[in-house]
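The values are calculated or read from the model by the stated rules, or taken from the named source; none is laboratory data. Owing to the predicted nature of the structure, the values given are computational and were not obtained by experimental measurement. When we count neighbours, we look across all protein chains shown, and the Cβ atoms used for this are built from the backbone with ideal geometry, even at glycine.
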Amino acid sequence: MNEPDGDVAPAESELRERQLEALEQLSVIPVDAETPPPEAHYDYTPVMPSELWEHLRPFVEDLVRTAAPATAYTEKQLYPAVTKLARWASETAGLPLKTKLILHPANIDRFANEGLVAYTNAGRATMRSKLRRVAAAILDGETPQDRKRPMGKAPASSPYTEPELATLLSWVNGQPTRERKTSAGALLALGIGAGLTGREIVAQRLDSVTVDEAGVVVHVAGDDARDVPVVREWEHFLAERLELVGSDAWAFRSGQEGGNINLITDFVSRSHKRVNLQARRMRATWLVHHLSVGTPVTSLMRAAGLHSIEALDRLLPLAEGRTEREYRDDLRGG
């Protein structure tokens, strides 16, 4: 009978000792030694009024910090696109800061076409792509069709029709108090008569409204500061508002503190009669009116605070055509 090799037992013993030594060495390594510390969030401060950023910041930060880990972009890369989208939605489109609404593909497309007019097509496509990635990461509902859809013209906000304008005038006259009646009238005058954005309407003070023999002029402050002559048929509403509350007051809604973008929606919702009143449609009505009556484009862009004629592209088909005589006079110069 063969005897076991005398070296086997010592070899096994030595192996066990080495294993125990290795375990002892592992036991003194901190549990979190290989766990990297969490990365600090990027501190982003855009160039815009501080009170506006205070309003937008919680919404923007939540989107960026949620989406960045699920995309190929860093927080730093996403902040400019998401901030521009939120500002456009708040100031120009008059949309509430609700995630599903702001990140809807139609609103992202509309922003790319309306809010990025100074960008090249390639630049707009890049911004749109980033926002689509944010939407996909947060909503988890983007379809392949959405991802492949090419850049295109988003439909323009439709101007109010004559019957709709009559309904709005009836709504003003039906307000229960003079305060609400003149406030509602000023709202229409600033939106339909002067083309101000929702945020500009809320921020407008009456000491920045001039009434003289030549009509009424609204002096708009802010990033797109400008003087806007009010369309004649809407002037009297601002004159009535001035007569009631004086010049040291808000043009729209006494007692407000300014900066509340939901003020218009709140005012309309508290009315005795519900109407479809939207700042972007009022502005579209004003723009289409001027395109229809032949207001020089350079004057219209100045009054609207526009920096590119492309912003009017989607509204041109909605403007009424000129008569043959008006067409000839326009081109002849008289």
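Residue pairs whose Cβ atoms lie under 6 Å apart, sitting 6 or more positions apart in sequence or on different chains, and linking a residue in region 280-293 that is touching a residue at least 24 places away in the same chain (Cβ under 8 Å) and within 15 Å of Glu233 (Cβ to Cβ) to a partner that is acidic (Asp, Glu) and surrounded by fewer than 22 Cβ atoms within 10 Å (Cβ to Cβ), are Ser292/Glu320.
Scan (1) part of a helix (DSSP H, G or I); (2) over 24 Å from the mean Cα position of the chain (by Cα) for the single condition Ser271 breaks and write down its number. All conditions pass for Ser271, except number (1).
Residues in region 310-334 that are in contact with a helix residue (DSSP H, G or I) (Cβ under 7 Å, 6 or more places away or on another chain) and in contact (Cβ under 8 Å) with a residue 60 or more places away in the chain: Ala311, Leu315, Leu318. Annotation: of all residues in region 306-326 being in a helix (DSSP H, G or I) and of a type in the set (D, E, K, R), the one that is nearest to Ala221 (Cα to Cα) is Glu310. Each residue in region 178-205 was checked for being more than 20 Å from His290 (Cβ to Cβ) and either in contact with a strand residue (DSSP E or B) (Cβ under 6 Å, 6 or more places away or on another chain) or surrounded by fewer than 20 Cβ atoms within 10 Å (Cβ to Cβ) (or both), and 5 pass. Could you list, in sequence order, the residues of region 294-305 that are part of a loop (DSSP other than H, G, I, E, B), in contact (Cβ under 8 Å) with a residue 12 or more places away in the chain and within 19 Å of Asp224 (Cβ to Cβ)? The answer is Gly305, and nothing else.
In summary, strands (runs of 3 or more DSSP E) completely within region 188-230 and bearing 3 or more residues that are in contact (Cβ under 8 Å) with a residue 40 or more places away in the chain and assigned by TED's automatic domain parsing to the domain that holds Ser308 occur at 226-229. Candidates Ala72, Ala67: the one that is in a loop (DSSP other than H, G, I, E, B), modelled with pLDDT under 95, over 27 Å from Glu257 (Cα atoms) and small (Gly, Ala, Ser) is Ala72.
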